[in-house]
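Handing you this structure, nothing more for now.
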Amino acid sequence: MDSRDNQRKVHIVVKGMVQGVGFRYYTRAMGQELGISGWVRNLSSGDVEILCVGNSGHIDEFVRRVSTGPTHSHVTHMDVFDLADESPSDADIMDINEGFKILL
């Protein structure tokens, strides 16, 4: 069985009090801990956007942890979109297979 068979790629938009509370750093730490590659960035809307790829079970755990966020955050809603291999070009801003990064 090819290890890619168990890979999952997701695009997440997190809403709530998620900027200015260490949310991106928390997200990066969770991604690194779970061995997930991707990126996280603040949006001008006040939301946080995440694109990541990894083992399906690890992605599930990552989504669960991100839905709670760090201590001073308050997540009110999350949109989680599973992406096919042919993801939108906007979501492929950078190679997400090289660790977990914070984009500015």
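Of the residues that sit in the stretch 89-104 and are in a loop (DSSP other than H, G, I, E, B), on the phi < 0 side of the Ramachandran plot and in contact with a strand residue (DSSP E or B) (Cβ under 8 Å, 6 or more places away or on another chain), which one is modelled with the highest pLDDT? Show your work before the answer.
Taking the stretch 89-104 as the starting set, the residues that turn out to be in a loop (DSSP other than H, G, I, E, B) are 93-99, 103-104.
In the following step, the residues that additionally are on the phi < 0 side of the Ramachandran plot were identified as 93-98, 103-104.
Checking the rest, the ones that are also in contact with a strand residue (DSSP E or B) (Cβ under 8 Å, 6 or more places away or on another chain) come to 93-94, 96-98, 103-104.
Details: Ile93: 47, Met94: 51, Ile96: 63, Asn97: 63, Glu98: 72, Leu103: 89, Leu104: 79.
Filtering the stretch 89-104 for residues that are in a loop (DSSP other than H, G, I, E, B), on the phi < 0 side of the Ramachandran plot and in contact with a strand residue (DSSP E or B) (Cβ under 8 Å, 6 or more places away or on another chain), the one modelled with the highest pLDDT comes out as Leu103.
Related question: Scan Arg41, Arg65 and give me the residue that is touching a helix residue (DSSP H, G or I) at 6+ places or on another chain (Cβ under 9 Å), without any contact (Cβ under 8 Å) to a residue 60 or more places away in the chain and among the charged types (D, E, K, R). Can you show your working first?
Values: Arg41 fails: without any contact (Cβ under 8 Å) to a residue 60 or more places away in the chain.
Every option except Arg65 fails the conditions.
Would you confirm, using the coordinates I've provided, whether Val13 is closer than 16 Å to Ser67 by Cβ and touching a strand residue (DSSP E or B) at 6+ places or on another chain (Cβ under 6 Å)?
Working: closer than 16 Å to Ser67 by Cβ: yes; touching a strand residue (DSSP E or B) at 6+ places or on another chain (Cβ under 6 Å): yes.
Considered against the rule, which asks whether it is closer than 16 Å to Ser67 by Cβ and touching a strand residue (DSSP E or B) at 6+ places or on another chain (Cβ under 6 Å), Val13 comes out as yes.
Restricting attention to the stretch 66-88, and to residues there that are within 20 Å of Arg8 (Cβ to Cβ) and either small (Gly, Ala, Ser) or crowded, with 17+ Cβ neighbours inside 10 Å (or both), which single residue is modelled with the lowest pLDDT?
Ser87
Going through the stretch 41-65 one residue at a time, which ones are in contact with a Leu (Cβ under 7 Å, 6 or more places away or on another chain), surrounded by 23 or more Cβ atoms within 10 Å (Cβ to Cβ) and under 16 Å from Asp79 (Cβ atoms)?
We begin by selecting, within the stretch 41-65, every residue in contact with a Leu (Cβ under 7 Å, 6 or more places away or on another chain); these are 41, 49, 54, 58, 61-62.
Next, only the ones that are surrounded by 23 or more Cβ atoms within 10 Å (Cβ to Cβ) stay: 54, 62.
Selection gives Phe62 alone.
I've got another one for you. I'd like to know if the stretch 15-28 contains one or more residues that are at pLDDT 95 or above and closer than 16 Å to Glu98 by Cα.
The first filter runs over the stretch 15-28 and keeps only residues at pLDDT 95 or above, leaving 15-28.
Filter once more, so that each one left must be closer than 16 Å to Glu98 by Cα: 27-28.
Checked the stretch 15-28: at least one residue is at pLDDT 95 or above and closer than 16 Å to Glu98 by Cα.
Restricting to the stretch 20-40, name every residue that is in a helix (DSSP H, G or I) and crowded, with 16+ Cβ neighbours inside 10 Å. Walk me through how you get there before you give the answer.
Taking the stretch 20-40 as the starting set, the residues that turn out to be in a helix (DSSP H, G or I) are 23-34.
Matches in the stretch 20-40: Phe23, Arg24, Tyr26, Thr27, Arg28, Met30, Gly31, Leu34.
The values are calculated or read from the model by the stated rules, or taken from the named source; none is laboratory data. What you see is a predicted model; the values in this text were computed from it and never measured. Because the Cβ atoms are built from the backbone with ideal geometry, glycine has one as well, and the counts that use them run over all protein chains shown.
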